[in-house]
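Report on the following structure.
Rule-based calculations on the coordinates, nothing more; no lab input. It should be emphasised that the depicted structure is a prediction, and the values quoted were computed from it without experimental measurement. Because the Cβ atoms are built from the backbone with ideal geometry, glycine has one as well, and the counts that use them run over all protein chains shown.
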There are 2 protein chains.
Amino acid sequence: MNPIQLFDTESSTFTYILAAPGEKEAVIIDPVERHWERDLQHLQRLGLKLRYVLETHAHADHVTSAGRLCELTGAVAAVPSGCGIAPAQKQLNDGELISFGTGEEIRVLHTPGHTAGSMSYVWRGNVFTGDTLLIDGCGRTDFQSGSADALFDSVNDKLFTLPDDTLMWPGHDYKGQAVSTIGWEKRHNTRLANRSRADFVQIMGELNLPKPKLIDVAVPANQNLGLPHGG
Amino acid sequence: MNPIQLFDTESSTFTYILAAPGEKEAVIIDPVERHWERDLQHLQRLGLKLRYVLETHAHADHVTSAGRLCELTGAVAAVPSGCGIAPAQKQLNDGELISFGTGEEIRVLHTPGHTAGSMSYVWRGNVFTGDTLLIDGCGRTDFQSGSADALFDSVNDKLFTLPDDTLMWPGHDYKGQAVSTIGWEKRHNTRLANRSRADFVQIMGELNLPKPKLIDVAVPANQNLGLPHGG
């Protein structure tokens with residue numbers, strides 16, 4: 001059962017709608033502020049009631065629509081407990097299960113590294129990796145308590161221990177790619193396959209990426225679920 | 001079981017990869033020339049062998065990679081019999097079944113209107129409608145033996161008789177939308193829901209759309225599966 005994958009061309013962010021066949025409840029992962037109407041339209045067209053809005057982390061490159069979607073639909077915002085997203089109704093911890101529909105379950109994996117609080121989500125043979133693991137790449141580890149060491153462990157000890165045929169759906173892609181598998185990434189991911197910790201930490205330390213343009217706006221906004229700050 | 005949906009930003013074309021869980025064979029619908037490597041990489045990452053390349057029609061706005069994918073993978077090009085795509089190994093007719101994997105079946109629906117030969121494909125509760133039916137819209141009917149009358153019949157007599165919860169995956173979208181349902185389109189499609197034939201034919205006759213920029217190149221190229229014409 002694949003998710004419905006939606007894309008934001010400005011930030012190259014993927015949003016996912018999860019719903020099992022015949023079910024009437026859905027979960028959305030990492031919705032983007034400017035697409036809140038598009039995403040509600042998808043739910044309406046598919047006849048789905050939104051139960052949870054999940055965030056993989058407090059994003060630095062775009063603003064979430066989580067708060068607005070929850071206000072408009074009655075859904076619950078469920079977020080990683082370590083991301084400082086205080087107004088969310090549900091703070092998630094490693095190993096927790098999120099239930100929706102008739103017996104659907106999402107398993108929460110704490111996968112720090114891109115940010116200290118980052119989570120991945122496992123559902124029906126799929127894993128949603130946020131910016132921890134990307135297709136043939138990984139998220140940067142140089143801000144928001146990021147850590148190359150932690151990312152190395154998250155990928156090797158958690159994500160790469162999922163079954164090889166697990167479909168891996170990333171938080172971003174910049175090359176028109178949509179989906180991979182854990183098995184392929186284990187064998188071929190340029191940054192992480194068959195690499196020592198020392199090698200990986202060195203690669204990540206030498207990336208010298210520019211500061212994300214929106215980080216000073218986006219992170220505080222996302223820690224408020226994308227809602228205007230009161231007062 | 002949803003397909004994997006891929007997008008071409010230049011022509012806003014969707015390409016679909018169909019594979020059932022645990023299966024090793026896949027079908028691709030409407031692949032785009034410039035993305036042949038991306039699409040092969042998807043198949044490789046997912047561990048899938050390509051069995052068929054399906055075209056919904058001879059496209060006027062982009063060139064297909066069908067010929068190249070078939071040459072590189074040994075897949076069979078299966079195309080609507082009325083589209084003049086002579087080199088394809090399999091010419092499809094209305095009602096035909098395409099089998100792949102272990103018991104997977106795609107049902108062929110002849111849905112003329114956008115072009116005289118256009119086909120839609122039904123698989124596991126999904127319908128791939130090409131340019132016959134779009135999300136809250138439909139394909140134009142003013143070239144390639146298009147016919148508003150024929151499109152009206154194709155939609156009302158064939159597509160709208162599928163179960164309401166059938167997921168409808170279009171050939172294009174220009175608004176960031178990805179998927180709809182037959183039920184929603186029957187009730188809400190601006191051009192087609194609850195409209196008389198006369199109304200619809202009048203709307204389509206008054207669109208006055210510009211000629212597609214690539215039509216004189218793309219249609220002959222697509223009728224040769226996107227392969228160079230022999231001297």
If amide H atoms are modeled at 1.01 Å from N in the peptide plane, then the residues at a separation of 5 or more from residue A:7, or on another chain, having amide H under 5 Å from its own are A:15
Can you give the mean number of other chain Cβ atoms that lie within 10 Å of the Cβ atoms in peptide B:171-179?
4
Within region B:7-29, which residues have the backbone N less than 18 Å from the label spot 7 Å out from residue B:209 along Cα→beta-carbon, could you tell me?
B:8-15
Quick one: the Cα spread of region A:45-131 along its three principal axes, in angstroms, biggest first?
36, 28, 21
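When you look at the Cβ of every residue in B:17-28, what mean number of other chain Cβ atoms sits within 10 Å? Let's see the in-between values first.
On the way: counts 3, 0, 1, 0, 6, 2, 0, 0, 0, 0, 0, 0.
Per residue, the number of nearby Cβ atoms from other chains is 1 on average.
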Relative contact order for region A:4-222: what is it in percent, counting Cα pairs under 8 Å that are at least 6 residues apart?
17 percent
Calculated from DSSP H runs of 4 or more alone, at -39500 (n - 2.57) each and per residue, what is the 222 nm mean residue ellipticity of the protein assembly as shown, nearest 500?
-5500 deg cm²/dmol
I'd like the Karplus ³J(HN,Hα) series for region B:39-55: coefficients 6.51, -1.76, 1.60, θ = phi - 60°, whole numbers in Hz, and an x wherever there's a Gly or Pro.
5, 5, 5, 4, 4, 5, 4, 8, x, 10, 9, 7, 9, 9, 10, 9, 10
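Of the DSSP beta bridges with both residues in chain A, give the percent that are antiparallel, rounding to the nearest 5.
Details: 25 of 40 bridges.
Percent antiparallel among DSSP bridges in chain A is about 60.
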Chain A to chain B by rotation: the residue of A with the beta carbon nearest the axis and the rounded distance in Å are A:2, 2
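Apply 1/(1 + (r/R0)^6) to the Cβ-Cβ distance of residue B:90 and residue A:34, taking R0 = 45 Å, and write down the FRET efficiency to the nearest 0.05.
Efficiency, from the Cβ-Cβ distance: 0.55.
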Sparse-neighbourhood loop hits (chymotrypsin sites (Phe, Trp or Tyr not before Pro), region A:132-231; DSSP loop; Cβ within 10 Å at most 15 others) -> A:143, A:174
What are the label-to-label distances in nm, one decimal and shortest first, from residue A:165 to the same spot in the other copies, with labels 7 Å along Cα to Cβ?
2.5
Nonlocal amide H pairs with residue A:76, under 5 Å, H built at 1.01 Å
A:52, A:53
Across B:168, B:204, B:119, the residue with the highest GNM fluctuation in chain B (Cα network, 10 Å cutoff) is B:204
20 Å Cα-Cα reach of residue A:213 towards aspartates and glutamates, excluding residues that sit fewer than 8 places from it in its own chain:
A:8, A:10, A:30, A:33, A:61, A:131, A:142, A:173
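Can you give me the relative contact order of region B:107-231 as a percent, contacts being Cα pairs under 8 Å and 6 or more apart?
Dividing the mean separation by the residue count of region B:107-231 yields 22 percent.
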